[in-house]
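Following: one structure in structure tokens, then a few remarks.
The values are calculated or read from the model by the stated rules, or taken from the named source; none is laboratory data. Because the structure is predicted, anything quoted here is derived from the model rather than measured. Here Cβ is always computed from backbone atoms with ideal geometry, including for glycine, and neighbour counts include all displayed protein chains.
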Amino acid sequence: MPDYTTYTFEELVLDDQFRRWVLKNAPTDQAFWTEWLQRNPDKVDLVLAARQFVSQMQQAQEELSDEEFTSEVARIRINRQKAQDLDELQSVPLPVRHTGWGWVRIAAAITLVVGLGTMAFFYWRTPTTPIAVYQHTIEQQAGTLQEVHNTSNASQLVRLPDGSKVTLYKGSKISFPRKFTAQQREVFLVGEAFFDVVRRPKQPFMVYTNQLTTQVLGTSFTVRAYPNDKEAKVIVKTGKVSVFKTRLDGKLGEMTGSEPALILTPNQQATYQTSGLQLERSLVALPEPLSTPAGQPQSLSFEHTPVVTVFKKLEAAYGIEINYDADLLADCELTAEFGAESLFEKLDLICRATESRYEVVDAQIVVYSKGCR
């Protein structure tokens, strides 16, 4: 396999394997390039520009000879050099930045070949890294979306067309259609927001950020995805959500072929590390009882109660799975009264009384014990 990290724009568009991926998109090629882009995020601009160029060239293949194709590749190199020279002249703005597709159409009117070359050049200069997914989508759907930008120091309540409520935190912005489609509900977020979503099983609710995509049917959860943060999070309060990485190629709502979505339940969170491109599931720092309002303690009283029963009640109270060896703990009993203690403080007390220990593994609690016999 070639070392594509060293490839130039020209070498990519002329590479047979790269062109096969663009034009045929076989599952093996798709899996390879998806994984490759995740390992080489700094090459996203280059790959997407080359992909767009190859695609446009294919559409014009009946009107473009091999000689013309090679000539256009050389022309792209010249155009890119000209762009770099123009950038050095700060007083002279680039036509692409201020006239958009108008400049492309003018060039395309001269000849088909020049038009395609200029289009590839335009895509080269358009920000296509994951950080630009939100802005690119807003621009693509201009006029059909309404945007709310919270510039105050307090949180702001936003009501969506379906009746769902969003608490938008300071410095954050959200965009959504004036009316959702019958198939699904889509919103776009930069920053942090708490969502309380109306349940509609036949109309999934999607939250897109530059880093993560969250899909739910009806639940409450927090999404935190600020542009300059080293990590993004989805934190579930009630219900169940599905979380996966937002695709680098901008295909919203679609998962990559190599990684499944993470399913989150209450008191679980998904964390995306932007440096290592890793998506991991874990428990929240302070799990809250499901049926008790935040900030209010839940009273649990036990007197000579089998520890297995105690664990089952904690599982039901917090919605968190606790794994243990029921046979080993069969003779263990607990007498205690819990109130304002956190879940982990409760577990510390239980394990101390039964000479056990616990650890959190993949958003579950695992208890290790030698038993009480």
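Taking into account only those residues within segment 1-50 that are part of a loop (DSSP other than H, G, I, E, B) and not β-branched (Val, Ile, Thr), which is farthest from Thr274 (Cα to Cα)? Per the stated criteria, the residue is Asp15. With respect to the conditions (1) in contact with a strand residue (DSSP E or B) (Cβ under 6 Å, 6 or more places away or on another chain); (2) aliphatic (A, V, I, L, M); (3) assigned to a loop (DSSP other than H, G, I, E, B), Leu290 lacks only one, and its number is (1). Take the residues in segment 192-203 that are assigned to a strand (DSSP E or B) and surrounded by fewer than 21 Cβ atoms within 10 Å (Cβ to Cβ); name whichever of them is farthest from the chain's Cα centre (by Cα). Going through the qualifying residues, I end up with Asp196.
Of the residues in segment 325-340, not one is surrounded by fewer than 17 Cβ atoms within 10 Å (Cβ to Cβ) and at positive phi.
Condition check: in contact with a Gly (Cβ under 8 Å, 6 or more places away or on another chain), surrounded by 15 or more Cβ atoms within 10 Å (Cβ to Cβ), under 30 Å from Lys245 (Cβ atoms) and not charged (D, E, K, R). Does Leu290 satisfy that? I'd like the intermediate steps shown before the answer.
Details: in contact with a Gly (Cβ under 8 Å, 6 or more places away or on another chain): yes; surrounded by 15 or more Cβ atoms within 10 Å (Cβ to Cβ): yes; under 30 Å from Lys245 (Cβ atoms): yes; not charged (D, E, K, R): yes.
So Leu290 passes the test.
Within segment 351-360, can one find any residue that is in contact (Cβ under 8 Å) with a residue 60 or more places away in the chain, in the same structural domain as Pro306 (by TED's automatic domain parsing) and closer than 24 Å to Leu262 by Cβ? Yes, there is a match, as at least one residue in segment 351-360 is in contact (Cβ under 8 Å) with a residue 60 or more places away in the chain, in the same structural domain as Pro306 (by TED's automatic domain parsing) and closer than 24 Å to Leu262 by Cβ. For the residues Leu212, Leu217, the requirement of being at pLDDT below 95, buried (at least 21 other Cβ atoms within 10 Å of the Cβ) and not small (Gly, Ala, Ser) singles out Leu212. Based on what the data block shows, is Leu314 of a type in the set (A, V, I, L, M), closer than 30 Å to Thr246 by Cβ and either at pLDDT 90 or above or not in a loop (DSSP other than H, G, I, E, B) (or both)? Answer is no for this residue.
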